[in-house]
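Visitor: Please find one structure pasted underneath; my questions will follow.
Only the coordinates and a few stated rules stand behind these numbers; no lab work does. Owing to the predicted nature of the structure, the values given are computational and were not obtained by experimental measurement. Backbone-built Cβ (ideal geometry, glycine too); neighbour counts: all protein chains shown.
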Amino acid sequence: MDRVDSALKKEFYDEILLQSKNYATCRETFARYSKEYPILAKAIAETERYFATLKPLFESTINQIEVAGFARAARLSARRFASEVSEGAEALSVFAKLFKKIRLLYGCEWRTTIAASWARVRP
């Protein structure tokens, strides 16, 4: 890391810091190798300071206030996102173009006909 350009080193450090804040497994892995690599030790220390700063805010009473309509908006957003992903996958999938699309209304089982006899199929 000593021969690397400082801009690239900063970019690398920022990425390590981001991953250690967002993913506990990355944080654990970085901590395991932090003795060998000082840049990891620096990122782990920064991440621990970040979470130490957030902890009082998380325990604060302000965190218990709910915004009207937020839960509904989050559900609708998740549903809209799932629909967009499905539509995108369907548009780009070779298999979706080959087979007929069947929507399930209830349950998690569906049936298909094989040689004029009904067979049970589970997704």
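Visitor: Take Tyr50 and tell me if it is in contact (Cβ under 8 Å) with a residue 12 or more places away in the chain, assigned to a helix (DSSP H, G or I) and within 21 Å of the chain's Cα centre (by Cα).
Guide: Details: in contact (Cβ under 8 Å) with a residue 12 or more places away in the chain: yes; assigned to a helix (DSSP H, G or I): yes; within 21 Å of the chain's Cα centre (by Cα): yes.
In short, yes.
Visitor: On to the next question. Scanning segment 12-70 for residues that are surrounded by 14 or more Cβ atoms within 10 Å (Cβ to Cβ) and among the charged types (D, E, K, R), which turns out nearest to Asp2 (Cα to Cα)? Write out each step before concluding.
Guide: Start the filter on segment 12-70 by keeping residues that are surrounded by 14 or more Cβ atoms within 10 Å (Cβ to Cβ), which leaves 12-13, 16-17, 19-21, 26-27, 29-31, 34, 39-44, 46-47.
This time we only want the ones that are among the charged types (D, E, K, R), so: 21, 27, 42, 46.
Numbers: Lys21: 25, Arg27: 23, Lys42: 15, Glu46: 21 Å.
Among those that are surrounded by 14 or more Cβ atoms within 10 Å (Cβ to Cβ) and among the charged types (D, E, K, R), it is Lys42.
Visitor: Hey, another quick one. Just one of (1) assigned to a loop (DSSP other than H, G, I, E, B); (2) in contact (Cβ under 8 Å) with a residue 12 or more places away in the chain trips up Lys42, so point out which.
Guide: The one condition Lys42 does not meet is (1).
Visitor: Just checking, does segment 49-60 include any residue being closer than 21 Å to Lys9 by Cβ and charged (D, E, K, R)?
Guide: Residues of segment 49-60 that are closer than 21 Å to Lys9 by Cβ, as a first pass: 49-50.
Next cut, charged (D, E, K, R) only: 49.
Checked against the condition, which is being closer than 21 Å to Lys9 by Cβ and charged (D, E, K, R), segment 49-60 yields at least one hit.
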